[in-house]
Amino acid sequence: MHAPSDVVAETEPTLGEDVEALRAELAETQGRLKEAQGELARLVRLAEADLQRRRPGEQSSVVASSVRRPAAKEVAARIARFAHLYREAAAATPDRAPVIPEATMLEWLETSGLFDRQFYLACNDDVANAGADPTQHYYNHGSEEGRLPSTL
């Protein structure tokens with residue numbers, strides 16, 4: 001017969017499984033980003049063609065229809081989930097130390113193509129005026145606040 005603590009230990013994922021889940025989620029998010037970039041390129045081509053046809057002063061119908069960027073919101077939500085899972089994994093360790101150093105997580109975010117430092121600063125005057133590192137601010141606060149990481 002198992003002690004109650006043995007049953008809990010058997011059902012909880014290991015830290016290695018948590019890291020693999022985070023990696024899989026990052027890979028899936030990067031795939032969705034690639035799809036979003038392809039869609040954005042298609043919209044740019046359509047907008048350019050639309051601009052050739054429209055009259056002066058008339059708004060581009062393609063640009064107007066693409067102002068809402070659900071892909072960007074979806075990616076932002078995935079990054080927020082990724083950061084949340086990372087913090088949960090760190091909290092689950094005996095010494096509450098992160099499984100992966102935060103610097104590594106920030107590097108992954110920067111190199112993932114999901115985050116644009118200049119865009120983030122341009123859209124968030126409070127971060128720019130505070131002189132905060134945009135990637136670190138987004139990772140620690142902005143993702144949970146629903147701020148967009150890039151134009152996507």
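Side notes on the structure shown:
- Matching residues, the stretch 91-133, being surrounded by 12 or more Cβ atoms within 10 Å (Cβ to Cβ), modelled with pLDDT of 90 or more and not in a helix (DSSP H, G or I): 124, 132, 133
- Residues being assigned to a loop (DSSP other than H, G, I, E, B) and exposed (fewer than 14 other Cβ atoms within 10 Å of the Cβ) - total across the stretch 134-152: 2
The values are calculated or read from the model by the stated rules, or taken from the named source; none is laboratory data. Predicted, not measured: the structure shown is a model, and the values here were computed from it. Methodologically, a virtual Cβ is constructed for each residue, glycine included, from the backbone with ideal geometry; neighbour enumeration extends over all protein chains shown.
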